[in-house]
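Below: one structure, written as structure tokens.
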Amino acid sequence: MTRPLIGAAAPHFELPDTRGRAHRPGDYRGRWLLLVFHRHLH
Amino acid sequence: LRARAEEIERLGISVLVLTFESRAMAERYARETELEWPLLIDASRAAYRDYGMRRGAAWEIWNPVWWGRYIELMVRGRRLHAPTGDVYQLGGDVLIDPVGRIALHRVERGPADRPPVEHLLEPVRREASHG
């Protein structure tokens, strides 16, 4: 695993949301994007 | 973070929340919390790994310093469920700038270690003030 560093290109992913819609970081190019990685849901 | 959702939108920041838990658990969480942002399901935790979200050690996870945070959540009316996923997986926050580069990267130090929202917004405000 390579730990992302400040200034590095954001790693690609394609993940579905709870409604089945796929999201990729590249979809948000031109805007700021905050990724919030959750611990287990409680 | 959610209390500042309108401000975050005004700043031009999109938010995606990621979980590694099951679709059923994610759907229940999104419904019960009326989450305003998409909740992405990363069952393999590939994105967690690629973005450097590590698993915590036992002393980090079960540290009494975090218990007060859970009590605070319950006092605020949050209904907490017994964990079904990997309790050792830590979360964190990554802010990506408009050209796709990582501007902020933060991994939690423990289960209830959430940063001040202002810390997450700081790179955006800094860029705006220079722009």
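Using a/c under 1.5 as the rounded threshold, could you call chain A rounded, prolate or oblate? The axes a ≥ b ≥ c are square roots of the C-alpha gyration tensor eigenvalues, and prolate needs a/b larger than b/c, oblate otherwise. Here chain A falls in the oblate category. A dipole drawn for the stretch B:1-113 from +1 and -1 charges on Cβ atoms has a positive end, and of B:Ile96, B:Tyr29, B:Gly12 the residue lying farthest that way is B:Tyr29. Classify the protein assembly as shown: rounded, prolate or oblate, from the alpha-carbon gyration tensor (a ≥ b ≥ c, eigenvalue square roots; a/c under 1.5 rounded; otherwise prolate if a/b is larger than b/c)? Rounded, because the longest to shortest axis ratio a/c is under 1.5.
Of B:Val17, B:Val75, B:Val65, the residue with the greatest mean-square motion in the GNM of chain B, using alpha carbon springs below 10 Å, is B:Val75.
Remark: mean inter-chain Cβ contacts per residue of B:23-35 equal 2, using a 10 Å Cβ-Cβ cutoff to other protein chain atoms.
Taking one equal scatterer on every alpha-carbon of the stretch B:1-60, how large is log10 of I(q)/I(0) by Debye at q = 0.19, 0.21, 0.28 1/Å? One equal scatterer on each Cα of the stretch B:1-60 leads to -0.87, -0.96, -1.09. By definition, a body whose alpha carbon gyration tensor gives a ≥ b ≥ c is rounded when a/c is under 1.5, and the stretch B:1-126 falls into this rounded group. Computed on chain B, with alpha-carbon pairs under 8 angstrom and 6+ residues apart, the relative contact order is 21 percent. Overall, chain B carries a charge dipole of about 240 debye about its Cα centre when +1 sits on the Cβ of Lys and Arg and -1 on the Cβ of Asp and Glu, all other atoms neutral. Peptides A:29-41, B:27-39 ranked from most to least packed give A:29-41, B:27-39, packing being the mean of other C-beta atoms within 10 angstrom over each peptide's residues.
Each reported figure results from applying straightforward, stated rules to the coordinates on display, with no laboratory input. Predicted model, so just to flag it, every value in this text is computed and none were measured. Neighbour counts are summed over all protein chains in view; Cβ atoms, including those assigned to glycine, are modelled from backbone coordinates with ideal geometry.
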